[in-house]
1. Taking amide H positions as placed in the peptide plane 1.01 Å from N, state which residues far from THR55 in sequence (5 or more) or on other chains have amide H under 5 Å from it.
2. Can you pull the one-decimal nm distance between simple spin-label points at TRP136 and MET65, each 7 Å off the Cα toward Cβ?
3. Per 0.36 nm of contour for each residue apart, how much would the distance between VAL74 and VAL88 grow if the chain were fully extended, relative to their Cα-Cα spacing?
4. Could you give each residue of segment 107-116 its phi-based ³J(HN,Hα) in whole Hz, using Karplus coefficients 6.51, -1.76, 1.60 with θ = phi - 60°, and x for Gly or Pro?
5. If packing is taken as the average count of other Cβ atoms within 10 Å, what order do 99-110, 44-55 fall into, highest mean first?
6. Between PHE158 and ILE110, with labels modelled 7 Å along Cα→Cβ, what's the label distance in nm to one decimal, could you check?
7. Between CYS99 and ALA48, what is the FRET efficiency for a Förster distance of 22 Å, r being their Cβ-Cβ separation, to the nearest 0.05?
Amino acid sequence: MTFTPNQPDHQRAFGFQPPTTRAIPSLMPDRFGPNLVGSLWACAGIVAGSLGPWTSSSTLDHSGMDECGAITLVLAMCAVTALIAIMVRDVTPEMKNHCTGPLVGIAVLIVAVGNAAAIVGRSTEVAGPSIGWGLWAVIASAVILCVTSSTVAHLIRFQAAMITRS
């Protein structure tokens with residue numbers, strides 16, 4: 001039995017068939033969706049953390065809205081708006097809002113770490129306040145938002161470059 005390049009798969013050796021056409025890149029790569037969903041979940045974590053307690057002491061908890069939680073809440077809503085716009089639109093070379101997520105993540109991280117440093121500075125007293133779970137949630141979610149949205153932005157830039165080359 002001889003094998004020729006044009007035989008059907010069931011007659012070919014080991015079922016191997018070389019690619020006949022070059023694959024055209026899809027508008028949304030497989031790795032794009034999970035990172036986008038992760039970015040949206042990170043924004044939800046920032047919103048929840050902004051509403052939660054940022055300082056915790058033996059007598060009183062202060063919510064994030066008493067500190068700078070309003071700033072992080074507004075920034076998270078801006079990121080959600082930009083990420084949903086990315087989700088519903090096609091990837092084009094003209095798309096410019098792909099950097100909103102990473103920039104919001106960095107801004108939220110700066111605000112949250114600054115507040116955490118201020119709280120730690122006040123905790124030198126005997127019964128001083130400590131960092132509450134809301135601020136920890138905002139810091140962790142901001143890091144996740146930075147990583148996932150940076151990946152989304154990189155994939156959008158790569159995809160736009162592939163579109164312009166074709």
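Here, each number is a calculation from the coordinates, and none is a lab measurement. Bear in mind that the values here come from a model prediction, so they are computed numbers and not experimental data. Note: ideal-geometry Cβ built from the backbone for every residue, glycine included; neighbour counts use all protein chains shown.
1. HIS62, GLY132
2. Calculated label separation equals 2.3 nm.
3. 2.9 nm
4. Each residue's phi maps through the Karplus curve to give 5, 5, 5, 5, 5, 5, 5, x, 5, 5 Hz.
5. My ranking of the peptides, most packed first, is 44-55, 99-110.
6. Rounded to a tenth, the inter-label distance reads 2.8 nm.
7. Efficiency at R0 = 22 Å is approximately 0.35.
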